[in-house]
Amino acid sequence: MENNKNTINWFPGHMTKALRTMEKEVSVVDLIIYVLDARAPFSCVNPEFTNIITNKPIIYVLNKIDLANDTESKKWIDFFTGKNSVCITLDSTQTNSAKIVQEKMKLLLKNKIEKYESKGIKMPLRAMVIGVPNCGKSTLINNLCGKAKTITGNKPGVTRGKQWVKIGGMIELLDTPGTLWPSFENQEIARNLAFIGSISDDVYDAGDLCVEFLKKQMKENKNLIEKRYDIIIDNDCMPVDVLEKICNKRKFVLKGEEIDWERGSRAVIDDFRKGRLGKITLDNFQMINKGK
Ligand SMILES: Nc1nc2c(ncn2[C@@H]2O[C@H](COP(=O)(O)OP(=O)(O)OP(=O)(O)O)[C@@H](O)[C@H]2O)c(=O)[nH]1
Ligand SMILES: [Mg+2]
């Protein structure tokens, strides 16, 4: 584990409580709806969930698909499709887009539905919706029920307790608080979770995070950064030089022409989060063998 002042960790008490609640509630659900941010789907897989969701069919939802790179998303769909799991993509902010979740639930639970129908019993289908903070769990549930039954918000840790929501007559969904895990051994994953807004802004330095973000994007999406900020990134440019160019271009300067690094850093991260840099996927397949 990297151990310096830049190490990111965030595991507040309500997350431990939420995991215990999930452990209790899992026995009454037929299926898991596992929401992942499509920009960092592997980073969003929480090792703490593994022991909780054993043996349940899973619908993996690559949510916020509107913000992710299309080619990369196709690869991640294959990765998350398995014997007892399907993977779908979604933009939960589009009205009615989540209907596909309902269809997949019925497909995965076909045997159970047929069994009860043959006996003339009406049994609701129950699913637990899980995922890291801010990945869109509550938005997805509201989309399915066509009403704002759960509270949503553009910051991590909005949902704090469990909440059952009925969808029509036959489906019941359990909204859960976004949870992480006690310590990030892989700080690349921690940073990706911070970039997508799953980690409280209070636990990392915006300047450090932004420099790491620019370092990565200068390798992978240099043209998108150049285009957004109308700057040229020369080969000998360091990430901090790029941030300086951005701050100057945007007039993020304090009294005495001093660069406002904090404001510039927050602006760049916010641009990424809102998709203003373009469709960017952070995760890659090399991360898979490096631990969490
Ligand atoms: N662009 C885009 N934004 C989305 C999508 N789904 C959710 N959001 C936004 O993401 C933010 C977080 O959504 P929530 O539904 O509150 O996320 P959550 O997973 O319930 O978060 P916690 O309760 O904190 O764990 C909100 O600002 C939503 O509008 C999506 O598919 N695309
Ligand atoms: Mg929520």
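The values are calculated or read from the model by the stated rules, or taken from the named source; none is laboratory data. In this text the structure is predicted, and so the values were computed from the model without any measurement. A quick note on method: Cβ atoms are made from the backbone with ideal geometry, for glycine too, and the neighbour counts reach across all protein chains shown.
Within the option set Ile58, Ile77, Ile33, being modelled with pLDDT of 95 or more and within 13 Å of ligand 1 (Cβ to nearest atom) holds for one residue only, Ile33. All conditions but one from (1) out of contact with any strand residue (DSSP E or B) (no Cβ under 6 Å at 6 or more places or on another chain); (2) buried (at least 16 other Cβ atoms within 10 Å of the Cβ) apply to Ala148; the one that does not is (2).
Which one is nearest to Lys17 (Cα to Cα) among residues in the range 143-183 that are near ligand 1 (Cβ under 8 Å from one of its atoms) and without any contact (Cβ under 8 Å) to a residue 24 or more places away in the chain? This residue is Thr159.
How do the pairs read when you match residues in the range 53-71 that are outside the structural domain of Leu36 (by TED's automatic domain parsing) with residues anywhere that are part of a loop (DSSP other than H, G, I, E, B) and not β-branched (Val, Ile, Thr), using Cβ under 8 Å and keeping only pairs 6 or more apart or on different chains? Correct list of pairs: empty, since none qualify.
Name the residues in the range 133-150 that are in a loop (DSSP other than H, G, I, E, B) and away from ligand 2 (no atom under 11 Å from the Cβ), would you? Hits for the range 133-150 are Gly146, Lys147, Ala148, Lys149.
Would you please name the residue that is farthest from ligand 1 (Cβ to nearest atom), looking only at residues in the range 121-132 that are among the aliphatic types (A, V, I, L, M) and assigned to a loop (DSSP other than H, G, I, E, B)?
Step one: list which residues in the range 121-132 are among the aliphatic types (A, V, I, L, M), which gives 121, 123, 125, 127-130, 132.
Cutting the leftovers down to assigned to a loop (DSSP other than H, G, I, E, B) gives us 121, 123, 132.
Values: Ile121: 33, Met123: 27, Val132: 7 Å.
Residue satisfying both the conditions and the ranking: Ile121.
Selection within the range 264-292: residues that are surrounded by 15 or more Cβ atoms within 10 Å (Cβ to Cβ) and either over 26 Å from the mean Cα position of the chain (by Cα) or of a type in the set (Lys, Arg) (or both). The member of this set that is nearest to ligand 1 (Cβ to nearest atom) is Arg273.
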